[in-house]
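Q: Supplied in structure tokens, the structure appears directly below.
The values are calculated or read from the model by the stated rules, or taken from the named source; none is laboratory data. Predicted, not measured: the structure shown is a model, and the values here were computed from it. Cβ atoms come from the backbone with ideal geometry, glycine included; neighbour counts cover every protein chain shown. Quick note on the areas: whole protein, heavy atoms, side chains included, nothing else; ligands and nucleic acids left out. Shrake-Rupley method; radii C 1.70, N 1.55, O 1.52, S 1.80 Å.
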Amino acid sequence: MFVRRFTPSPLALAAALALASLNAYAQPAALPEQGKAEDGKAKTEDNLKLDRIIVTGTSTARTKMKQSVSVSTLDGDQIATTGAASAAELLRSIPGLRAESSGGEGNANITVRGAPISAGGSRYLQLQEDGLPLLLVGDISFATADQFLRTDAMVDSVQAIRGGSASTLATSSPAGVVNFLSKTGRTPGGSVALSLGLDHKQIRADFDYAVKLGDKTRAQLAGFIRQGQSTRNTDVNVEDGGQFRANVTHDFNGGYVRLSLKVLEDKTPTFLPVPVRLVGNDIQQIAGVDPRTAFFINSKFRSDVSANRDGNLVSTNPANGLRVSNTAVGAETKLDLGQGFTFEQRFRTADISGRFIGAFPAGSQQPAFAAATPGYFSMHLFNTKLDDFGNTFSESRISKVIDMNAGAKLTAMGGLFLGKQRIAQTWYWNRYNVQLSGDGAGIVNDLGQTTTNPTGPATQTWGGCCVRSIDVTINANAPFAALTYEAGPMILDASLRRDSQNTKGHQQFDNTPTASGGFTGWNFAGRDPVNYKATATSYSFGGNYELDRNTAMFARYSKGSSWASPDRTIWDGAIAKGTNPYPVNELKQLEAGLKLRSGPLSAFLTYFDAKTQEDGGFEVTTRSYLKDGYASRGLEAEVAYRVGQFALAGGATLTRAKITTAGTTNGNKPRRQADIVYQVSPSYNMSNWNVGASFVGTGKSFAQNDNKALLPGYTITNLFASYAYNDKVSLLLTVNNFFNTLAYTEAEDQNNLGNNPLYIARALNGRSAKASVRYSF
């Protein structure tokens, strides 16, 4: 067995601490001292930034204190000190969001309190960059929105709307919207940074630069490059790539116009579940397979032969894992048209493609090899080509402010969203035997002999279900409107949205019956046409009342819609051809909340009561159609406290949820739904030092809706320490999962392993440390 980890020498460690990192996007700001107001009382601090303007998922830009929605924000300082390795991992820091970030840089399961994780990806949550979605639908197999998103020095802040008007101000977002907002060159200057993995082979370089091009024109540039073997056990470079982003803004009287560019070419590993044992209700490790570090792709597994969309066999490298390409250009403008009219326009077109390769345990061990050491398991290699996921999105808004009697005003807004989303992907999954060893696992045949060949063709994997190629284009349009009435401390609003989708294309399957063996080409003559239309209506109405400048309360009721997974739902031929209606999932939610500031304490409390009805969606790994209802209610809290040099921020979500569908699971808890999820982040600032931690945890939950296997509760401890050497040089050290906690995020049954149940589970990464240095100019 080889060991791919390395221990840096003292000299290398010193160099890393003195010269490292790119993840240090911004030096954490010094914390202000707690002061006194003129009346001698404690000064009220805005520690939750309740006076920050919110532009995401709302009809009118207002402060958090005036919005009638639950919203959280992260700025650059907070992002830097999380040490997050991916966008999904960053979202774990936001109260009310459940981000199962165990898949690597993509393939994360993300949802918002009140909505279930009933499919991969983000079925009820939309991820945006600068106000437009990355993908039209968030739960496409092997192409989730988070994998086309990278956090870097270009990110100025993150705004997360939970529930509320997100259902009417975006498509397929009844549970919420998370918007990654870019810097726009307002603060001239820049930085370069270098980061180095201290206990794993990983290096990354970042930069950002803002410059004025004239009195009214400014530009912002940022990006990164990286290479490495990630934090899991392998001996090949599974990380390789980078990103470049830029925008230019011209301001003029009454508005601005902005052009933007993004080029992402990146390769990262795909982390999928690993074999475990289920003993009673408890998940137990298999000797030699540590779910925190196990990774079955290495130099012994050099190629896999799959079919492309043209029916030709091609060789691919499993180490390519999650390869993404995203080149996008965009434009936006905001114009004051006079007489109370304002016009806003956002546009982006993106060329997106890639590949998803990952080792998924499934199948059974052969008796002839059962006594050998190490044993092996049957693995399906998810080798899916993302042929074309290009899209074009446009959103136009026009609003009019009408002054009324006694200082009241009415704002009327109307808008139109237009979108075109291509979904073209090819599935071809061979079956291999993989040794039960997390380090240096090899490929063997049914007799335990070393090989490089699959033990079963893709045409026979899972009964031949998954040799397929689809190519469809979704044309979407959604007119929406909102009215907002403001009178003194009271603000009332109502909004309505009508989503329509028209989808055309085809899907095709293997030309050879499953029993006859290998792949002989696509049945082009027998392509199944896809041609359906679907509509959905969403609405939301709410109100906010400020008791005083430091206290406000709000209430809201919403009904939002989400499209069932388009890549899998069309497996039903009647739906694909438009004979049967396309399934639409619905989420109804009642919310009420309180926002307050008092001295060093800020708090945001929300009660929620949600009901979800799913009308369809096929899950590949369990080979079943999911059609369930869910009900949940609970309390969400976000708090921040700061006194002197000490600061504390965090949140918790208490949830009571159950399945409401008639049948054997009626009354059970939804899978992976814990009663409590929490985040706590203390920090202490002393002169040039800032040290702190974040504790992200969850209570126990059930792996599946049958409520048999238990996923234990856990707390992940992340540490950081930053040091400002001077006003230009800063150092940052981050340690993720300091106590190397085994934290399962999902699990499911996969046939049998010999005479023992083969259960599989996916866990968060084990401990990893990075050091960074940043030079500002």
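Q: Would you please name the residue that is surrounded by the fewest Cβ atoms within 10 Å (Cβ to Cβ), looking only at residues in the range 456-469 that are farther than 13 Å from Asp304 by Cβ and hydroxyl-bearing (Ser, Thr, Tyr)?
A: Ser469
Q: Just the residues that are open to solvent by 30 Å² or more (accessible area, probe 1.4 Å), part of a strand (DSSP E or B) and aliphatic (A, V, I, L, M), please, taken from the range 722-748. Step through it out loud before you land on a result.
A: We begin by selecting, within the range 722-748, every residue open to solvent by 30 Å² or more (accessible area, probe 1.4 Å); these are 723, 725-729, 731, 733, 738-742.
After this cut, where a residue has to be part of a strand (DSSP E or B) as well, the list is 723, 729, 731, 733.
The answer is Val729, Leu731, Leu733.
Here is a yes/no grid of residues against (1) of a type in the set (Phe, Trp, Tyr); (2) assigned to a strand (DSSP E or B); (3) open to solvent by 20 Å² or more (accessible area, probe 1.4 Å); (4) touching a Phe, Trp or Tyr at 6+ places or on another chain (Cβ under 7 Å):
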{"site": "Ala294", "(1), (2), (3), (4)": "no, no, no, no"}
{"site": "Ser299", "(1), (2), (3), (4)": "no, no, yes, no"}
{"site": "Arg302", "(1), (2), (3), (4)": "no, no, yes, no"}
{"site": "Ser306", "(1), (2), (3), (4)": "no, yes, no, yes"}
{"site": "Arg309", "(1), (2), (3), (4)": "no, no, yes, no"}
{"site": "Val314", "(1), (2), (3), (4)": "no, yes, yes, no"}
{"site": "Arg323", "(1), (2), (3), (4)": "no, yes, yes, no"}
{"site": "Gly330", "(1), (2), (3), (4)": "no, yes, no, yes"}
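Q: Pick out the one residue from Thr111, Thr58, Thr81, Thr144 that is open to solvent by 10 Å² or more (accessible area, probe 1.4 Å) and hydroxyl-bearing (Ser, Thr, Tyr).
A: Numbers: Thr111 fails: open to solvent by 10 Å² or more (accessible area, probe 1.4 Å); Thr58 fails: open to solvent by 10 Å² or more (accessible area, probe 1.4 Å); Thr144 fails: open to solvent by 10 Å² or more (accessible area, probe 1.4 Å).
Among Thr111, Thr58, Thr81, Thr144, only Thr81 is open to solvent by 10 Å² or more (accessible area, probe 1.4 Å) and hydroxyl-bearing (Ser, Thr, Tyr).
Q: Does the range 658-694 hold any residues that are closer than 19 Å to Val735 by Cα, among the hydrophobic types (A, V, I, L, M, F, W, C) and buried (at least 16 other Cβ atoms within 10 Å of the Cβ), and which are they?
A: The answer is Val680, Val691, Ala693.
Q: Oh, and also: Quick one: which of Leu590, Leu594 is in contact with a Leu (Cβ under 6 Å, 6 or more places away or on another chain) and open to solvent by 20 Å² or more (accessible area, probe 1.4 Å)?
A: Leu594
Q: Can you pull out every residue in the range 59-84 that is under 17 Å from the mean Cα position of the chain (by Cα) and not in a strand (DSSP E or B)?
A: The answer is Ile79, Thr82, Gly83, Ala84.
Q: To continue, here is another question. Within the range 427-467, how many residues are in contact with a helix residue (DSSP H, G or I) (Cβ under 9 Å, 6 or more places away or on another chain), assigned to a strand (DSSP E or B) and aromatic (Phe, Trp, Tyr)?
A: Final tally of qualifying residues: 1.
Q: Mind checking whether some residue in the range 165-178 is farther than 28 Å from Gln220 by Cα, small (Gly, Ala, Ser), part of a helix (DSSP H, G or I) and at pLDDT 90 or above? Break it down into steps so the answer makes sense when it comes.
A: First, pick out the residues of the range 165-178 that are farther than 28 Å from Gln220 by Cα: 165-168, 171-176.
Filter once more, so that each one left must be small (Gly, Ala, Ser): 165-167, 172-173, 175-176.
Okay, now just the ones that are also part of a helix (DSSP H, G or I), so 166-167.
Next, only the ones that are at pLDDT 90 or above stay: 166-167.
There is at least one residue in the range 165-178 that is farther than 28 Å from Gln220 by Cα, small (Gly, Ala, Ser), part of a helix (DSSP H, G or I) and at pLDDT 90 or above.
Q: For the range 695-707, what are the residues that are open to solvent by 50 Å² or more (accessible area, probe 1.4 Å) and out of contact with any strand residue (DSSP E or B) (no Cβ under 7 Å at 6 or more places or on another chain)?
A: Result: Asp706, single match.
Q: Can you name the number of the only condition in (1) open to solvent by 20 Å² or more (accessible area, probe 1.4 Å); (2) among the basic types (Lys, Arg); (3) touching a residue at least 60 places away in the same chain (Cβ under 8 Å); (4) under 25 Å from Leu127 (Cα atoms) that Lys201 fails?
A: (4)
Q: If Ser500 passes every condition in (1) free of Cβ contacts under 8 Å to residues at least 60 places away in the same chain; (2) open to solvent by 10 Å² or more (accessible area, probe 1.4 Å); (3) within 28 Å of the chain's Cα centre (by Cα); (4) under 30 Å from Ala662 (Cα atoms) but one, which one does it miss?
A: (4)
Q: Give the residues of the range 626-657 that are surrounded by fewer than 17 Cβ atoms within 10 Å (Cβ to Cβ) and either aromatic (Phe, Trp, Tyr) or touching a helix residue (DSSP H, G or I) at 6+ places or on another chain (Cβ under 9 Å) (or both), sorted by residue number.
A: Within the range 626-657, Phe646 is the sole residue that qualifies.
Q: Let me ask you something else. Restricting the first residue to the range 45-68 and requiring it to be free of Cβ contacts under 8 Å to residues at least 40 places away in the same chain, which pairs with a second residue that is charged (D, E, K, R) and open to solvent by 30 Å² or more (accessible area, probe 1.4 Å) meet a Cβ separation below 6 Å and a spacing of at least six or different chains?
A: Thr63/Asp51
Q: Of the residues in the range 214-241, how many are open to solvent by less than 10 Å² (accessible area, probe 1.4 Å), touching a Phe, Trp or Tyr at 6+ places or on another chain (Cβ under 7 Å) and in a loop (DSSP other than H, G, I, E, B)?
A: 2
Q: When you check Ala84 against the structure, is it among the hydrophobic types (A, V, I, L, M, F, W, C) and out of contact with any Pro (no Cβ under 8 Å at 6 or more places or on another chain), yes or no?
A: On the way: among the hydrophobic types (A, V, I, L, M, F, W, C): yes; out of contact with any Pro (no Cβ under 8 Å at 6 or more places or on another chain): yes.
So Ala84 passes the test.
Q: Suppose we filter Ile352, Ile398 for residues that are assigned to a strand (DSSP E or B), modelled with pLDDT of 95 or more and open to solvent by 40 Å² or more (accessible area, probe 1.4 Å); which single one remains?
A: Among Ile352, Ile398, only Ile398 is assigned to a strand (DSSP E or B), modelled with pLDDT of 95 or more and open to solvent by 40 Å² or more (accessible area, probe 1.4 Å).
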